[in-house]
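Have a look at the structure below before the remarks.
The values are calculated or read from the model by the stated rules, or taken from the named source; none is laboratory data. These figures come from a predicted structure and were not determined experimentally. Here the Cβ positions follow ideal geometry from the backbone for every residue, glycine too, while neighbour counts run over all protein chains shown.
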Amino acid sequence: MSERKPLIEVKNLRIYFYTYAGVVKAIEDVSFTIYEGETLCLVGETGCGKTVTSRALTKLIKPPGRIVSGEIIYYSPRGPINIVELSEEELREIRGKEIAYIVQDPGAALDPLYTVGYQISETMVDHETVRDWKEAFRRAIALLRETLIPEPERRAKAYPHELSGGMKQRVVISIGLSNEPKLLIADEPTSFLDVTVQAQILELLRELKARKGLTLLLITHDMGVVAEMCDRVIVLYAGTIAEVGPVERMFYRPLHPYTTALLRAVPNPLQRMEKLEAIPGTIPNLINPPPGCRFHPRCPYAMDVCKRERPPMIEVEPQHFVSCWLYAKRG
Ligand code: SF4
C-alpha cells in the first residue's frame with residue numbers, strides 16, 4: 001500500500017454552507033489520499049458529509065456552500081494541480097473527463113428528451129474527446145456493449161423511460177466512462193435498484209475497474225457493498241474523519257467508538273452478529289457542532305478532553321488511522 005502513487009490528496013478541507021439559519025460547518029479539516037488503482041469507500045450516516053466531500057473533488061460545491069480552506073491536489077497527467085484554485089473553464093478539462101461521476105438516481109441524471117446514445121455521445125463531444133458525432137455515437141454503442149446492455153445498437157436509440165432501472169444505471173456508468181476517466185466517483189450507485197440488479201451493477205463496476213485500470217471512490221452506507229468492493233475505508237462522522245484503514249481491519253478490528261457502533265448498527269457481512277444495536281443519540285446540528293470530538297455526546301468513552309479538544313489523527317498500526325483521544329492517551 002505504501003508504494004502506491006497518490007492520485008488525489010485532500011488536505012485540511014473545510015466546506016461551510018452559509019444559510020439563513022447560520023453557518024453549517026459541513027466538512028471540518030478533512031484530509032485523506034486516494035491512491036491510483038484502489039477502491040476507496042466513504043461511509044457514514046446520512047448527513048455525515050460523504051457526498052459533499054466527493055463533490056468537492058471537482059469543486060462542485062454550489063452556493064450557499066463554499067470551500068473555505070484546504071487543498072485538493074490532483075496528480076494529473078500534466079503534473080500536480082490544486083483543484084480548489086481552478087477556474088470553471090480550467091475545471092472543464094477535469095470534471096466529467098478525468099474525474100467522472102455516477103450519481104445516485106440514474107432516472108434523474110438522464111434527460112428524458114434525448115436518446116441515451118445521444119446523451120453518451122454528447123459527453124464525448126462536449127469535452128472534445130471525440131469531435132465527430134457519428135464517431136461519438138459509434139463509441140456510445142461500444143460503451144453500452146461494455147456495460148452489458150443487450151442489443152446496444154437498438155438501446156442507443158431508446159429514451160430513458162424505455163429502459164429499466166438497471167439499464168439506466170448502466171447508461172449512467174457508460175456516460176461516466178465515456179471520456180476514459182482516471183477516477184470514477186460512484187455515489188450510492190445501487191441505492192435505487194433492487195437487490196439482484198445491485199449485485200450485477202457492483203460486479204460490472206468491479207470488472208470495468210480491473211479492465212480499465214480505474215481508481216474508484218465509492219460512497220455508500222451499505223456495509224455489504226463496502227465488504228464486497230473496497231480496499232480501504234474512510235469513516236466520516238458529522239463532517240470529520242473518524243477512522244481510515246484497510247477494509248478487513250475496519251471490519252475485524254475497528255478502533256473508533258463510532259466505527260464500532262456503526263458496525264453493530266448494521267448487518268456485518270464479515271462477522272456473525274447476535275442482534276443489531278442502534279447508535280444512541282442523534283447526528284449533531286452542524287451549525288453548532290459539539291466542541292472537541294464531534295462524537296462525544298454519543299460516545300460511551302467520552303472524557304473531559306474529548307469535550308474540549310479535537311482529537312488528533314493517530315496511525316495506530318500501518319495504514320490504520322483513528323481520530324480519538326483514547327489512542328492518543330495510550331500512545
Ligand atoms: Fe469518544 Fe473521546 Fe474518542 Fe471522541 S475522542 S470517540 S468522545 S473517546
task: Being among the acidic types (Asp, Glu) and touching a residue at least 60 places away in the same chain (Cβ under 8 Å) is the filter here, so list the residues in segment 197-241 that pass it.
output: Asp231
When residues of segment 19-73 are limited to those that are small (Gly, Ala, Ser) and buried (at least 18 other Cβ atoms within 10 Å of the Cβ), the one nearest to Leu236 (Cα to Cα): Gly44
- prompt: Among Thr196, Thr215, Thr220, which is the only one that is of a type in the set (Ser, Thr, Tyr) and under 11 Å from the mean Cα position of the chain (by Cα)?
  reply: Thr220
message: Given the condition touching an Asp or Glu at 6+ places or on another chain (Cβ under 6 Å) and over 23 Å from Arg95 (Cα atoms), answer yes or no: does some residue in segment 165-174 qualify?
response: no
query: Only one of (1) at pLDDT 95 or above; (2) of a type outside the set (Phe, Trp, Tyr); (3) buried (at least 16 other Cβ atoms within 10 Å of the Cβ) is not met by Pro80, so which one is it?
result: (3)
- prompt: Among the residues of segment 180-193, which ones are surrounded by fewer than 21 Cβ atoms within 10 Å (Cβ to Cβ), under 15 Å from Gly213 (Cβ atoms) and touching a strand residue (DSSP E or B) at 6+ places or on another chain (Cβ under 8 Å)?
  reply: Pro181
query: Could we say that Glu188 is farther than 16 Å from Ser121 by Cβ and in contact with a His (Cβ under 8 Å, 6 or more places away or on another chain) here?
result: yes
- request: Go through segment 84-100 and give me each residue that's touching a residue at least 40 places away in the same chain (Cβ under 8 Å) and in contact with a Leu (Cβ under 9 Å, 6 or more places away or on another chain).
  value: Glu98, Ile99, Ala100
- request: Could you please give the count of residues in segment 291-331 that are surrounded by fewer than 17 Cβ atoms within 10 Å (Cβ to Cβ), within 12 Å of the ligand (Cβ to nearest atom) and either assigned to a loop (DSSP other than H, G, I, E, B) or among the basic types (Lys, Arg) (or both)?
  value: 11
- prompt: Which fully enclosed helices (runs of 4 or more DSSP H) of segment 84-176 have 1 or more residues being in contact with a helix residue (DSSP H, G or I) (Cβ under 6 Å, 6 or more places away or on another chain)?
  reply: 106-109, 116-126, 133-146, 152-156
